[in-house]
1. If the viscosity is 1.002 mPa s and the temperature 20 °C, what translational diffusion coefficient in µm²/s does Stokes-Einstein give for segment 10-64 when Rh comes from Kirkwood over Cα pairs?
2. With the other protein chains left in place, how much accessible area per residue, in square angstrom, belongs to the chain at a 1.4 angstrom probe?
3. Beta carbons within 10 angstrom, averaged per residue: use that to sort the peptides 104-114, 182-192, highest first.
4. With a sphere of radius 14 Å drawn around the Cβ of Ile12, what net charge do the other residues whose Cβ falls strictly inside it have (Lys, Arg +1; Asp, Glu -1)?
5. Among the lysines in the chain, how many pairs, 8 or more places apart or on different chains, have alpha carbons under 14 Å apart?
6. Along each of its three principal axes, how wide is the spread of alpha-carbon positions in the chain, in whole angstrom units, largest first?
7. Out of every Cα pair in segment 87-174, what percent are spaced more than 19 Å from each other?
8. First compute the accessible area of the chain with a 1.4 Å probe, then give the percent of it belonging to carbon and sulfur atoms.
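The values are calculated or read from the model by the stated rules, or taken from the named source; none is laboratory data. The model shown is predicted, which means the values in this text are computed figures rather than measured ones. Glycine gets a Cβ as well: all are built from the backbone with ideal geometry, and neighbour counts include every protein chain shown. Ligands, DNA and RNA are excluded from the accessible area calculation, which covers all protein heavy atoms including side chains. Shrake-Rupley method; radii C 1.70, N 1.55, O 1.52, S 1.80 Å.
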Amino acid sequence: MNKRNNFLKNIIKYSSIILGAGILAFGIYNVHSRCAISEGGALGLSLLFLHWFHISPGISNLVMDVLAIAAGTMILQKKFLIDSIIASVAYSLWYFLFEITGPLLPSFKQRPLVAVIIGAIFVGVGTSMIVSHECAAGADDSLALIFQAKTKIRLSVFYVMSDTVVLLLSLSYIPVRQIAWSLLSVMLSSLVIALLCPKPKT
């Protein structure tokens, strides 16, 4: 009976992680990337390294992901590594699928507020479905989970802090107007995460 219950729990868990990765990839591809909404966190940092130091995002993003997931594996539960690999691979596969199928939503480029709201919902819901199982789809989620484990402060607080810092640094080469919409997107997606993810235990 216990084996059956564990099997069902794992089915539900990994289905949630994979679906969450799909929702996240859908929002990033169909809204963020098409509407020029900048990213904070590791992705935004990789673009900053590209602009100022000419380091390819393919290299910098990979290094940050590996280091963050390695740190998460040492600090969090042992299953963190396996679960995070599944989440990361699922995200990549979903994103690749959306690239093949092409855009599934109309362009909101001329309506940035609509893009910000819709994009934030997809990112917030997708991220919540992944990190609620204490695994990560990248460096941002890994560091957020470590931050929560060590400080008992909510995940959403870390996302706001890290994304805001990176976006403010990005003002060195990105127009203020674009950064303003991106900051709003960060705030809204963090609010969604705060609503969907339970408070850490004290």
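1. Reported coefficient: 167 µm²/s.
2. On a per-residue basis, 55 Å².
3. 182-192, 104-114
4. Neighbourhood net charge equals +2.
5. Lysine pairs meeting the criterion: 5.
6. Here the spans come out as 57, 35, 31 Å, largest first.
7. When all Cα pairs of segment 87-174 are counted, 54 percent exceed 19 Å.
8. Carbon with sulfur: 72 percent of the solvent-accessible area.
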